[in-house]
């Protein structure tokens with residue numbers, strides 16, 4: 001049995017390629033690790049619906065989904081969550097108020113849905129206009145919220161809890177100002193993020209104390225493991241806590257300098273299948 005019994009993989013910029021697909025080389029390495037008894041958790045800022053979609057690309061599906069930056073942990077076979085830490089209603093109200101103050105609108109996530117507004121719709125249209133591949137699951141027209149009052153109505157009618165928000169603006173300086181306003185409330189865990197190759201600056205918003213590292217600790221405890229038996233691979237600010245808390249934290253080679261400095265090891269970049277290289281070096285080589 002390998003030293004690391006739980007493999008935690010970020011998606012964007014890590015497991016996925018530039019077209020939001022799982023390269024076969026990464027999928028093959030993941031399947032080989034699973035064949036040795038290693039459990040695999042997809043750890044992402046996305047929701048469980050997206051995690052299931054990408055898990056299907058592995059051929060041998062992943063075991064666990066740690067989604068919305070650690071706000072929800074559930075088995076990928078459709079079982080009930082083993083850990084969840086959603087935003088409270090008052091926190092959602094605060095997020096909407098800050099969006100109103102800056103003439104912005106959020107994305108609000110449930111475990112299976114992503115609600116979005118005008119600014120994100122315009123951004124997706126601009127991506128298409130430039131020929132950039134767009135994940136169609138991001139822009140379901142049935143989840144579009146078109147007016148400020150409709151966001152408040154959504155809070156009252158959506159039966160599932162909201163587990164994460166993203167705030168963004170066409171002006172990057174405004175994103176910084178919104179992040180400062182959120183930080184001043186003391187209510188939230190914040191992770192700055194840049195999506196689509198730098199084209200969309202945003203800030204990811206969770207309930208205070210919620211992050212991937214804490215969620216991985218909860219999952220490891222559920223499985224009767226210590227964090228020293230966990231290997232985590234990631235590239236972004238929302239991966240920092242799991243890279244620091246896992247027994248082995250591996251940063252992607254094209255991650256920012258502060259992410260690489262916080263990790264125990266660095267692998268190749270995501271376009272060079274760095275996930276496969278990390279699995280081969282730190283999981284498979286020890287079993288040969």
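Readers should treat all values here as calculations from the given coordinates under stated rules, not as data from a laboratory. Please read these numbers as outputs of a predicted model, since none were measured by experiment. Cβ placement follows ideal geometry from the backbone for every residue including glycine, while neighbour counts extend to all protein chains displayed.
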Report, in degrees rounded to the nearest 10, the 0 to 90 angle that the Cα long axis of helix 24-35 makes with the longest principal axis of the chain. 60
Just the number: Rg to Rh for the stretch 206-288, Cα atoms, Kirkwood Rh, two decimals. 0.99
So, in Å, what gap is there between the alpha-carbon centers of the stretch 238-288 and the stretch 33-109? 21
Hey, for a label at residue 160 modelled as a point 7 Å past Cα toward Cβ, could you say which residues of the stretch 33-62 have their backbone N under 13 Å away? 46-53
Taking a crude spin-label model, label points 7 Å out from Cα along the C-beta direction, the residue 36 to residue 101 distance in nm is 5.0
Using only DSSP helix segments of four residues or longer, with each worth -39500 (n - 2.57), what per-residue ellipticity at 222 nm results for the chain after dividing by its residue count and rounding to 500? -10000 deg cm²/dmol
What angle, in degrees between 0 and 90 and rounded to the nearest 10, separates the Cα long axis of helix 148-157 from the longest principal axis of the Cα atoms of the chain? 60
For a paramagnetic label modelled at 7 Å from the Cα of residue 208 toward its Cβ, which residues of the stretch 83-120 fall within the zone defined by backbone nitrogen distances under 16 Å? 86-95
Would you mind ranking 124, 230 so that the residue whose beta carbon has the fewest other beta carbons within 10 Å leads the list? 124, 230
Work out, step by step, the length gained on full extension between residue 264 and residue 28: first 0.36 nm times the residue separation, then minus their alpha carbon distance; give nm to one decimal. 82.6 nm
How big is the antiparallel share of DSSP beta bridges in the chain, given as a percent to the nearest 5? 55
Checking the a/c ratio against 1.5 first, then a/b against b/c, what shape does the Cα gyration tensor give for the stretch 38-125? oblate
Taking a ≥ b ≥ c as the square roots of the eigenvalues of the Cα gyration tensor, with a/c under 1.5 meaning rounded and otherwise prolate when a/b exceeds b/c and oblate if not, the stretch 209-249 is oblate
On a full-extension model of 0.36 nm per residue, what is the gain between residue 254 and residue 89, subtracting their alpha-carbon distance, rounded to one decimal in nm? 55.6 nm
Show me 20-32, 231-243, 76-88, 39-51 ranked by packing, highest mean number of other Cβ atoms within 10 Å first. 231-243, 39-51, 20-32, 76-88
When 204, 160, 119 are arranged by how many other beta-carbons sit within 10 Å of their Cβ, fewest first, they go 160, 119, 204
Would you work out the relative contact order for the chain, in percent, from Cα pairs under 8 angstrom that are 6 or more residues apart? 21
Percentage, to the nearest whole number, of Cα pairs in the chain over 27 Å apart: 37
